[in-house]
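The values are calculated or read from the model by the stated rules, or taken from the named source; none is laboratory data. Because the structure is predicted, anything quoted here is derived from the model rather than measured. Ideal geometry is used to build each Cβ from the backbone, glycine not excepted, and the neighbour counts take in all protein chains shown. These area figures cover heavy atoms from the full protein model, side chains too; ligands, DNA and RNA do not enter into them. Shrake-Rupley method; radii C 1.70, N 1.55, O 1.52, S 1.80 Å.
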Amino acid sequence: LRKLRGGNVSGAQLRELIFKQWGQQFPVLIKRKRDALGEQRLYLIVQWKYLGKKNLDLSFDGYVAESDAVAELLSDWGVANMVKNTIQESNARPKTATQQFPGLFIPLEVDKSVVETW
């Protein structure tokens, strides 16, 4: 059985996992947003713009720094394994659709105290 909670992920591992799954260097970020029930939650967002796309204003160094910071938080919060499993099993692709904030949203099962202080 895969361990769903805990684990660690480095920024390099997160970048490699995303590239292997979708074939692009998609930046990631963490965002707090209300879910369908009105509860505040944290989400890992795999952005729909990828490194090298003209409308993404992000350098390679910025991309590395952001993904390193996100990976550190995922590890600290104990959700690294959950995120790795979700990305590997995903049939979805980061996209614009008609969302207010486009990308692929992965809900993070973190303590309520983390959500409240984010």
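What the table below lists for this structure:
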{"read-out": "Residues of region 29-42 that turn out to be exposed (fewer than 14 other Cβ atoms within 10 Å of the Cβ) and under 21 Å from PHE60 (Cβ atoms), as a count", "value": "0"}
{"read-out": "Some residue of region 18-33 being more than 11 Å from the chain's Cα centre (by Cα) and within 17 Å of TRP118 (Cβ to Cβ)", "value": "yes"}
{"read-out": "Any chance GLY11 is touching a residue at least 12 places away in the same chain (Cβ under 8 Å) and in contact with an Asp or Glu (Cβ under 6 Å, 6 or more places away or on another chain)", "value": "yes"}
{"read-out": "Single residue of region 43-73 satisfying the filter (among the hydroxyl-bearing types (Ser, Thr, Tyr), closer than 14 Å to ARG15 by Cβ and at pLDDT below 95) that is most open to solvent (accessible area, probe 1.4 Å)", "value": "TYR50"}
{"read-out": "Hits in region 76-88 - residues which are open to solvent by 20 Å² or more (accessible area, probe 1.4 Å) and closer than 14 Å to GLY11 by Cα", "value": "ASP76, ASN81, LYS84"}
{"read-out": "Qualifying residue in region 74-85 (condition: at pLDDT below 90 and either over 18 Å from PHE19 (Cα atoms) or within 12 Å of the chain's Cα centre (by Cα) (or both))", "value": "no"}
{"read-out": "Checking GLU116 against (1) in a helix (DSSP H, G or I); (2) over 13 Å from LEU29 (Cβ atoms); (3) touching a helix residue (DSSP H, G or I) at 6+ places or on another chain (Cβ under 9 Å), the condition it does not meet", "value": "(3)"}
{"read-out": "Subset of region 16-28 [of a type in the set (A, V, I, L, M, F, W, C) and open to solvent by 40 Å² or more (accessible area, probe 1.4 Å)]", "value": "PHE19"}
{"read-out": "Pick from region 25-49, criterion part of a loop (DSSP other than H, G, I, E, B) and in contact (Cβ under 8 Å) with a residue 40 or more places away in the chain, ranking: farthest from PRO102 (Cα to Cα)", "value": "ASP35"}
{"read-out": "Subset of region 90-103 that is within 14 Å of the chain's Cα centre (by Cα) and open to solvent by 100 Å² or more (accessible area, probe 1.4 Å) - its residue that is modelled with the lowest pLDDT", "value": "LYS95"}
{"read-out": "Extreme residue, farthest from GLU109 (Cα to Cα), among residues of region 50-77 that are among the hydroxyl-bearing types (Ser, Thr, Tyr) and part of a helix (DSSP H, G or I)", "value": "TYR63"}
{"read-out": "Residues being part of a helix (DSSP H, G or I) and closer than 10 Å to LEU44 by Cβ - total across region 78-87", "value": "4"}
